[in-house]
Amino acid sequence: MSKHHVDPAAVPPETEDSAAEELTYRLRQQQLAAEYGAYALRTHDLGALLLEATRVCAEGLHSRFCKVMEYLPDEGSFILREGVGWRPGLVGHARIGADLESPTGYAFQTGTPVISNHLDQETRFRTPRLLAEHGIRRAINVLIQGDGGRYGVLEVDSPTEGRFTQADLAFLQGFANLLGVAIERHQGEDALRTSEARLREALAHQEVLRREISHRVKNSLAMVAGLLSMQKRTSSDPALEKALDDAVARVTAIAQVHDRLWRADEVDSVTLADFMGEIAQQIRATAHPGQTLSCDFAPVSIATDQAVPLALLVNELVTNALKYAYPSGEGDVQVAIAPGAPGRLRLTVSDQGRGLPPGFDAEASDSLGMTLILGLSHQLRGRIDWQDLRPGTRFTLDFAMQRKAGA
């Protein structure tokens, strides 16, 4: 808001008959109030709002002194929050009592404006020391409040002889009402910023906890895999060694899937192509020379709750194919996840190897690997189809896609 210079004509009229002077004076007050309203809309600094309000009100009532007295409920008194004309060091520190014996306290507690044009002759109130020390002879006080409650008092004081009128009171009260709205807006914005800051802190803390828990889960799974490997080294039973190798591979796969998820920025969903691409890369790292894995994953997002069993299922199918489809140890396994019917995905894992054994029945199999494949497929609520390609085998799972957790 620009600094205004008082128009020489826009001063309090000397007599009640000075109609032209009165009109000029009141029009100037309206102009000041309108300009301050525009300033308040674009300013978000409460201190600047209060200071400008006191400057403009002092100008509007042709005085050197104006102040905003903020009520401090814990102290039961007012603090000179902002003002113009006062000696250095008083703004932000000076206190005034809030009892009914002071004009400021009376205006605040009763909500009734106070005009006192002769403080030295005042019988209704005592003159606060702050006013006496500055030689204040007359004062006008109005309540500042918004819908959320009372903030304090807006007061214009003058050391000169003269009078504040009901028209002056109307100007100051209207200004205080405008100031009350501006303060309330600022308090609302401040509360919102505080809430947002607390929310950011809570989310950051939650993220730290999530990462810490995930890190501990990963370490725990790694410990389990290590214990299984130690048990294998003490065994002389080939069948047990093979079972323990399979167990280590599965626990490691679960740890890798978990590690991938907690490192992702998304919590409720993952990008299928990126997520499964990393899982496939981890499988390739464990394959024998001459074994290859070809992948094609749709660039869609699915729920994390669905991505975990899907990744474990792919890991089980692909490792089984690499292990059993090619007795020579060389060959390619193809895995694809592509859109099927609307809202559905189709997982396909195929090879050109030895094919399914005679009389193959997945439901009747007692192998742990097949039990895991069936269990994970049922968890995805999909329809399974095994095909003997001669040569090779194709596994297909058709399932509904979840785009986020709980969908």
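The values are calculated or read from the model by the stated rules, or taken from the named source; none is laboratory data. Bear in mind the structure is a predicted one, so any value in this text is a computation, not a measurement. Quick reminder, even Gly has a Cβ in these numbers, built from the backbone with ideal geometry, and neighbours come from all protein chains shown.
Of the residues making up the range 120-128, none is touching a residue at least 60 places away in the same chain (Cβ under 8 Å) and either assigned by TED's automatic domain parsing to the domain that holds residue 30 or out of contact with any Leu (no Cβ under 8 Å at 6 or more places or on another chain) (or both).
Could you please let me know if residue 132 is farther than 22 Å from residue 183 by Cα and not in a loop (DSSP other than H, G, I, E, B)? When the stated conditions are applied, residue 132 passes them. Say whether the condition of being part of a loop (DSSP other than H, G, I, E, B) and either in the same structural domain as residue 85 (by TED's automatic domain parsing) or among the hydroxyl-bearing types (Ser, Thr, Tyr) (or both) is met by at least one residue in the range 164-176. Looking for residues that are part of a loop (DSSP other than H, G, I, E, B) and either in the same structural domain as residue 85 (by TED's automatic domain parsing) or among the hydroxyl-bearing types (Ser, Thr, Tyr) (or both), one finds at least one in the range 164-176, hence yes. Say we look at the range 319-328 and pick out the residues that are among the hydrophobic types (A, V, I, L, M, F, W, C) and closer than 18 Å to residue 388 by Cβ; which of these is farthest from the chain's Cα centre (by Cα)? Within the range 319-328, the match that is farthest from the chain's Cα centre (by Cα) is 325.
Here's the yes/no breakdown for (1) in a helix (DSSP H, G or I); (2) modelled with pLDDT under 80; (3) in the same structural domain as residue 285 (by TED's automatic domain parsing); (4) not charged (D, E, K, R):
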{"position": "200", "(1), (2), (3), (4)": "yes, no, no, no"}
{"position": "209", "(1), (2), (3), (4)": "yes, yes, no, yes"}
{"position": "217", "(1), (2), (3), (4)": "yes, yes, no, yes"}
{"position": "241", "(1), (2), (3), (4)": "yes, yes, no, no"}
{"position": "244", "(1), (2), (3), (4)": "yes, yes, no, yes"}
{"position": "257", "(1), (2), (3), (4)": "yes, yes, no, yes"}
{"position": "260", "(1), (2), (3), (4)": "yes, yes, no, no"}
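Exactly one residue among 158, 116 is farther than 15 Å from residue 67 by Cα and either in contact (Cβ under 8 Å) with a residue 12 or more places away in the chain or β-branched (Val, Ile, Thr) (or both), and that residue is 116. Residues in the range 131-184 that are out of contact with any Asp or Glu (no Cβ under 6 Å at 6 or more places or on another chain), among the small types (Gly, Ala, Ser) and buried (at least 17 other Cβ atoms within 10 Å of the Cβ): 158, 176, 180, 182. When 332, 351 are checked against the criterion of being closer than 15 Å to residue 396 by Cα, of a type in the set (Asp, Glu) and touching an Asp or Glu at 6+ places or on another chain (Cβ under 9 Å), a single residue qualifies: 351.
Results for (1) hydroxyl-bearing (Ser, Thr, Tyr); (2) within 20 Å of residue 320 (Cβ to Cβ), shown as yes or no for each residue.
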residue	(1), (2)
268	no, no
279	no, yes
282	no, yes
291	no, yes
297	no, yes
301	yes, no
305	no, no
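A quick yes/no check of all residues on (1) within 20 Å of residue 108 (Cβ to Cβ); (2) out of contact with any helix residue (DSSP H, G or I) (no Cβ under 9 Å at 6 or more places or on another chain):
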residue: 52; (1), (2): no, no
residue: 65; (1), (2): yes, no
residue: 70; (1), (2): yes, no
residue: 76; (1), (2): yes, yes
residue: 84; (1), (2): no, no
residue: 87; (1), (2): no, no
residue: 90; (1), (2): yes, no
residue: 94; (1), (2): yes, no
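When residue 266 is tested against (1) at pLDDT below 80; (2) assigned to a helix (DSSP H, G or I); (3) surrounded by fewer than 16 Cβ atoms within 10 Å (Cβ to Cβ), just one condition goes unmet, and that condition is (2).
Checking each residue in the range 362-395 for being among the basic types (Lys, Arg) and assigned to a loop (DSSP other than H, G, I, E, B) picks out 381, 390.
Within the range 302-330, the set of residues being surrounded by fewer than 19 Cβ atoms within 10 Å (Cβ to Cβ) and out of contact with any Leu (no Cβ under 7 Å at 6 or more places or on another chain) comprises 303, 305, 323, 324, 327, 328, 329, 330.
Could you tell me whether the range 50-61 includes any residue that is under 26 Å from residue 163 (Cα atoms), surrounded by fewer than 20 Cβ atoms within 10 Å (Cβ to Cβ) and not acidic (Asp, Glu)? Yes, there is a match, as at least one residue in the range 50-61 is under 26 Å from residue 163 (Cα atoms), surrounded by fewer than 20 Cβ atoms within 10 Å (Cβ to Cβ) and not acidic (Asp, Glu).
Taking each residue of the range 193-215 that is on the phi > 0 side of the Ramachandran plot and looking for partners that are surrounded by 10 or more Cβ atoms within 10 Å (Cβ to Cβ) and modelled with pLDDT under 75 with beta-carbon atoms closer than 9 Å, six or more apart or interchain, yields nothing. Scan the range 139-155 and tell me whether some residue there is over 36 Å from the mean Cα position of the chain (by Cα), modelled with pLDDT of 90 or more and hydroxyl-bearing (Ser, Thr, Tyr). No; the residues of the range 139-155 include none that is over 36 Å from the mean Cα position of the chain (by Cα), modelled with pLDDT of 90 or more and hydroxyl-bearing (Ser, Thr, Tyr). The criterion of at least 3 residues that are of a type in the set (Asp, Glu) is met by the following helices (runs of 4 or more DSSP H) wholly inside the range 17-115: 19-42. Of all the listed residues (332, 305), the sole one being under 29 Å from the mean Cα position of the chain (by Cα) and not β-branched (Val, Ile, Thr) is 305.
A quick yes/no check of all residues on (1) modelled with pLDDT of 85 or more; (2) farther than 20 Å from residue 356 by Cβ:
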{"site": "277", "(1), (2)": "yes, yes"}
{"site": "286", "(1), (2)": "no, yes"}
{"site": "298", "(1), (2)": "yes, yes"}
{"site": "301", "(1), (2)": "yes, yes"}
{"site": "304", "(1), (2)": "no, yes"}
{"site": "326", "(1), (2)": "yes, no"}
